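To keep things clear, I will list the structure first and then write my remarks on it.
The values are calculated or read from the model by the stated rules, or taken from the named source; none is laboratory data. This is a predicted model, so every value here is computed, not measured. Because the Cβ atoms are built from the backbone with ideal geometry, glycine has one as well, and the counts that use them run over all protein chains shown. Ligands, DNA and RNA are stripped out before the accessible areas are found, and what is left, the full protein with its side chains, is counted by its heavy atoms. Shrake-Rupley method; radii C 1.70, N 1.55, O 1.52, S 1.80 Å.
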Amino acid sequence: MRRIVVTASALLAAALAACSAGDPEAAAKGGTPASEGVAGGGGTGGSPVPTDQDVQELRVRVLERLPHDTEAFTQGLELRGDVLYEGTGLEGSSSVRRGPVGGTPTVRRDLPAPLFGEGLTLVGPRLWQLTWQNGVAIERDADTLRELRRVRYEGEGWGLCHDRTDGGTGGRLVMSDGSSRLTFRDRRTFEPTGHVDVTRAGAPVDQLNELECTPDGSVYANVYQTDTLVRIDPDTGAVTADIDASGLLDPAALRDGALQLNGIAAVPGGDEFLLTGKYWPRMFRVAFVPR
């Protein structure tokens, strides 16, 4: 299979195609980054720029197929033990859900309009949920999903994950905004503490969407409106792997209204992940293997 290279023209074409297919988020976002990142900003500065040869080429190997709610406009996904948390989007239809993997959620909280739900992550007994252009992060009780408080932030909210490997401090939040920049935030106050700009062989990689932090210190990101995920070193911003996740759904599901791949959750205790997408009828337990 050929390697996917994301270019500006390809992203624009994908955005136009998604708009014509009736994707309201793509129509609103237009396939354009929320802001332009500056390569190298916030990174180590002294690290060598990786070459294409340093970037692993991976693909997904499906281990299990699970049911998924076809009415879920998936924006965030996280697994704790055998409990799945999922955030969904769209104004007037956004929600956060908690329940068994592949089963019906046992707890659900809806977001009132005009809030547009985006990514989420768990921090101990709390859950943080982003909103897209509302400038609000919602802190919730992880068990009941009851709203505890709202915190304001600047810019757009797309993806969020909890990097627990940062310096023995209890970790940091990592947030995307659709550009090539990842912003680090305090896990308690949500205040920004730094940033890094994501590059592949020195070139910016933008449209970073839903995020997943893993115990080895990596950050995985969906690249919006593509079937590609990237693995990122958050200390340098370097992409260390491109992951081809194309072909998970059959053509019939796509004809029935399934939209973009969006949703990645690490399965605890191993090297497996859950993948799904907006309005997808399936969730997939997968491994990432050499291509």
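Only strands (runs of 3 or more DSSP E) whose full extent lies in segment 86-176 are considered here, and the ones with at least 1 residues that are modelled with pLDDT of 95 or more and surrounded by 22 or more Cβ atoms within 10 Å (Cβ to Cβ) are 95-100, 117-123, 126-131, 136-141, 160-163, 172-176. Restricting attention to segment 54-85, the residues being open to solvent by 20 Å² or more (accessible area, probe 1.4 Å), polar (S, T, N, Q) and touching a strand residue (DSSP E or B) at 6+ places or on another chain (Cβ under 7 Å) number 1.
Scanning segment 178-187 for residues that are in contact (Cβ under 8 Å) with a residue 40 or more places away in the chain and either open to solvent by 30 Å² or more (accessible area, probe 1.4 Å) or of a type in the set (Ser, Thr, Tyr) (or both) turns up Ser179, Ser180, Arg181, Arg187.
The residue that is least open to solvent (accessible area, probe 1.4 Å), counting only those in segment 249-275 that are assigned to a loop (DSSP other than H, G, I, E, B) and at positive phi, is Gly257. Residues in segment 276-291 that are surrounded by fewer than 24 Cβ atoms within 10 Å (Cβ to Cβ) and within 17 Å of Asp82 (Cα to Cα): Phe284, Arg285, Val286.
If you go through segment 180-228 and keep only what is outside any strand (DSSP E or B), over 22 Å from Gly89 (Cβ atoms) and not charged (D, E, K, R), you end up with Thr189, Val198, Ala201, Gly202, Val205, Thr214, Pro215, Gly217, Ser218. Kindly indicate whether any position in segment 78-85 is over 30 Å from Gly247 (Cβ atoms) and touching a Lys or Arg at 6+ places or on another chain (Cβ under 6 Å). No. Filtering Thr199, Thr214 for residues that are polar (S, T, N, Q), surrounded by 21 or more Cβ atoms within 10 Å (Cβ to Cβ) and closer than 26 Å to Thr131 by Cα leaves a single hit, Thr199. Given the conditions (1) out of contact with any strand residue (DSSP E or B) (no Cβ under 7 Å at 6 or more places or on another chain); (2) part of a strand (DSSP E or B), report the number of the one that Ile243 does not fulfil. The single condition Ile243 does not satisfy is (1). All conditions in (1) closer than 30 Å to Leu127 by Cα; (2) at pLDDT 60 or above; (3) among the charged types (D, E, K, R); (4) open to solvent by 20 Å² or more (accessible area, probe 1.4 Å) hold for Glu36, with the sole exception of (2).
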